[in-house]
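The values are calculated or read from the model by the stated rules, or taken from the named source; none is laboratory data. Everything numeric in this text was worked out from a predicted model, so none of it was measured. Positions of Cβ are backbone-derived with ideal geometry, glycine not excepted, and every protein chain shown enters the neighbour counts.
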């Protein structure tokens, strides 16, 4: 078996493509079951910057050896087409496919925030954990795949513990506030509307409050959640249907709801601006799928940025943490190599044991034949020496094949060994 991931992220696909394959927590169980029904049980990691689909692939399926529709990557892609109602032609060029060691290394880098848009961000390890737990609950992450994700979480924690990569790290929410500050300067006198009271909204509101913004309004489809968040931050909560008025009063709007469609339509923004035409409105959409209709950018005095526009903050963070990132990369690579070696050891172990058991059966069979022919001519000490000698011969003969299988244990080598030594076949039987 080989680990397999099919996915796209902020490096390979723009937000308008990423949102085609995005899933929220409520949609995840159904997607996991659908992926399982396509013969690809696994784990789905879906965040604002990536959608990745992890599964296991049998040796015969890798590298396109099996018929197209039967290959593991093709099964995942077919699931994507049917689940998301997309044409493969629209997304295939944005997808990456990693197998074996490449898949292991990629996931370890993801869990360590090395593959994040913002280096060192804290949210990704929790997102990896949530993805694994959802798959465990659905019964689609078992055996080697479960061990892979458990190890990825350990690696992510180790990287954060032993390097400075997460020290003073930005989050996506913090980065969007920094973007607003870089454009507008001091934010303390600005009125900010946070649309969404989930984790991203909570982080954004907290960062705004810590940045000296005192006029914060929170709105959400769940008004009680908006009130709870507002109370914690000395902010103001408004019902969702109160958003038009809140828009007219705001300088900055941050969209982070996780809604499957646009929450802020272009005409809603246009109506708000008609009441305040000379006062600029700064919109930051950190949701995937996006909360704000891109057409809103055409409204006069409206400045719209989405999650992909945070790249400048990301680059600055990477430059500051170059040494920590290099150290973290080394740790992630070393851990990936060790885990791959452990997997290969695990893969080869049954073949090595079976080879040695078969050899010992042949040795024992021939030893008993010899003892019958000698018909008691050897005493107990001589028989013991003969037994030890035959064991030594077998061990010496099997030493090189065993080391070969332990050091080069790809599925091809294992199958060759099974064919050469006829493993799995019935061994010799004692004569009557």
Does residue 378 fit the bill of being under 30 Å from residue 3 (Cβ atoms) and outside any strand (DSSP E or B)? no
Picking from 139, 143, the residue that is surrounded by fewer than 20 Cβ atoms within 10 Å (Cβ to Cβ) and modelled with pLDDT of 95 or more would be 139
Among the residues of the stretch 81-115, which ones are assigned to a helix (DSSP H, G or I) and under 23 Å from residue 156 (Cβ atoms)? 100, 101, 102, 103, 104, 105, 106, 107, 108, 109, 110, 111
Quick check, is residue 225 surrounded by fewer than 22 Cβ atoms within 10 Å (Cβ to Cβ) and over 30 Å from residue 109 (Cα atoms)? yes
Which count do you get for residues in the stretch 1-37 that are under 19 Å from residue 137 (Cβ atoms) and either touching a strand residue (DSSP E or B) at 6+ places or on another chain (Cβ under 7 Å) or assigned to a loop (DSSP other than H, G, I, E, B) (or both)? 9
With respect to residue 73, determine if the residue is in contact with a strand residue (DSSP E or B) (Cβ under 7 Å, 6 or more places away or on another chain), not in a loop (DSSP other than H, G, I, E, B) and not assigned by TED's automatic domain parsing to the domain that holds residue 347. yes
Considering residues of the stretch 116-142 that are part of a loop (DSSP other than H, G, I, E, B) and closer than 25 Å to residue 57 by Cα only, the residue farthest from the chain's Cα centre (by Cα): 139
With respect to residue 12, is the statement that it is buried (at least 20 other Cβ atoms within 10 Å of the Cβ), modelled with pLDDT of 95 or more and over 14 Å from residue 260 (Cα atoms) true? no
Is the stretch 289-307 home to any residue that is under 24 Å from the mean Cα position of the chain (by Cα), assigned to a helix (DSSP H, G or I) and outside the structural domain of residue 20 (by TED's automatic domain parsing)? yes
For residue 360: the one exception among (1) under 30 Å from residue 120 (Cβ atoms); (2) at pLDDT below 95: (1)
Per-region count, the stretch 269-292, residues surrounded by fewer than 18 Cβ atoms within 10 Å (Cβ to Cβ) and more than 18 Å from residue 309 (Cβ to Cβ): 8
Helices (runs of 4 or more DSSP H) (entirely within the stretch 211-288) containing at least 3 residues that are under 23 Å from residue 183 (Cβ atoms) and in contact with a strand residue (DSSP E or B) (Cβ under 9 Å, 6 or more places away or on another chain): 243-249, 266-274
